[in-house]
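Step one of this worksheet: look at the structure below.
Quick note: the coordinates plus some simple rules give every number you see, no bench work behind them. Here the structure is a predicted model, which means the values were calculated and not measured. Backbone-built Cβ (ideal geometry, glycine too); neighbour counts: all protein chains shown.
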Amino acid sequence: MSNEQILTKSAIPHEILLNIFQFLIRDEVEKSQLVSKSWNEQILTSYKILPLRGLYILDLTKKSNNQQEPEWVKEQIAKHQAGQPTDPTIFRCFAKEQISMYKNTFISLVQGDVYDESFIEKMKEIVENNEEKLNVFRVALDFREESDVQIFESHLKVC
Amino acid sequence: MATESANGVSSPELNERDVVITTNDNRNFTVKIGVARVSKTINNMIQDLGESLDLSSGIPLPNVDGPIFEKVLEWCEEHKNAPEIKVEQDPHTRERKWFTMTEWEEEYFRKFLSHLWDLAMAANYLEIPSLYYYTCQKLAERIKGRTPEQIREMFGIEDDLTEEEKAEIRRTNVWCTY
């Protein structure tokens, strides 16, 4: 990676900085808060329009045997099997400490590329212990809002 | 001469005519109207002036300097017939979809890498959506995967957050690994 400097004599307008952050995933935006006071303030004042973290959560309705996987799951699995990069946001909804809560649940094993080995091992364990099949679908949440946490929790009843 | 009015937006004949554009360092650029019009700001000026437009006396650009305008013009020349870009985002996460750039565009940004901020500001002022969004994407690409320290170094930004403030940011952003 080249480390060429990119400088300017002018102050960078808020609008441009926001436009840049809109291209980034949430983790990158939050990392950028650590750059400077000004970046931190600009991100905080606009976090409502900045990207949210994509989450794959569980819907605890039982899945019948002949029910098809949702299209996006098939897509991700196909990509994974072909060795192509998959959606990095998959699985990231589960904080490591929370994972043990989800016993007896099944998650379609869709692999991303931004997690560590222990995280995956834990996920596999849950999948292996599974007895019930579940639909998986995608929502986006921002945990800064109390109501979002409630929605999240209401979907994640432990069997 | 009314037929030569600059209001004839789609007139191919008008697009071939020259207009003089003066940057804030008093440099004059003689540009084909069809190229200058890639900038919506300049296009509006041409249209507003209409028949009173004196193509030889020049359109002033008080917010752009010569060296940057030269680079912007290279983009305009290449994109004079390009369709409007479409800005798309994921309806759930609001993440913006990344644009696929042509080899020419990639090379353009490689060449002018150290001027990305100035290009973004000029493209914003001149209202050239393709250049503006693509430059912002290139800046996002520079931020992606780099540590806050590397970003500060790259952009010459002072590290003015206290350790307490940084700790607080990390505490509120539980996913943040930096």
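Odds and ends about this structure:
- Gain upon complete extension [B:GLU77, B:LEU49; 0.36 nm per residue less C-alpha separation]: 7.8 nm
- For chain B, the Cα gyration tensor yields ellipsoid semi-axes of 39, 18, 14 Å (square root of five times each eigenvalue, largest first, whole Å).
- For B:ILE59, distant residues with modelled amide H under 5 Å away: B:VAL20, B:ILE21, B:THR22
- Violating pairs (Cα-Cα greater than 32 angstrom) within the set A:LYS48/B:LYS32; A:LYS31/B:LYS80; A:LYS37/B:LYS80; B:LYS32/B:LYS86: A:LYS48/B:LYS32; A:LYS31/B:LYS80; A:LYS37/B:LYS80
- Using the average count of surrounding beta-carbon atoms within 10 Å as a protection proxy, the listed peptides B:134-140, A:34-40, B:156-162, B:63-69 rank, highest first, as B:134-140, A:34-40, B:63-69, B:156-162.
- Highest mobility in the GNM of chain B, judged by mean-square fluctuation with C-alpha springs under 10 Å and restricted to B:GLU13, B:GLU77, B:GLU103, is found for B:GLU103.
- Average Cα contact separation per residue, chain B, under 8 Å, 6 or more apart, as relative contact order %: 18 percent
- A crude spin-label estimate for the pair B:LEU113 and B:ARG170, with each label 7 Å from Cα along the Cβ direction, gives 3.0 nm.
- Other protein chain C-beta atoms within 10 Å of residue C-beta, averaged over A:34-44: 6.
- Taking amide H as placed 1.01 Å from N in the peptide plane, the amide H of B:LYS32 sits under 5 Å from that of B:VAL19, each at least 5 places away or on another chain.
- Residue mean of other protein chain beta carbons inside 10 Å, B:80-91: 1
- The mean number of partner chain beta-carbon atoms within 10 angstrom of a residue's beta-carbon across peptide B:137-145 is 6.
- In degrees, nearest ten, helix B:66-78 long axis to first principal axis of chain B (Cα): 80 degrees
- On Cα atoms only, tilt of B:116-126 relative to the major axis of chain B in degrees: 40 degrees
- Under a Gaussian network description of chain B, with springs only between Cα atoms under 10 Å, the residue in B:ASN124, B:ASN24, B:ASN15 that fluctuates furthest is B:ASN24.
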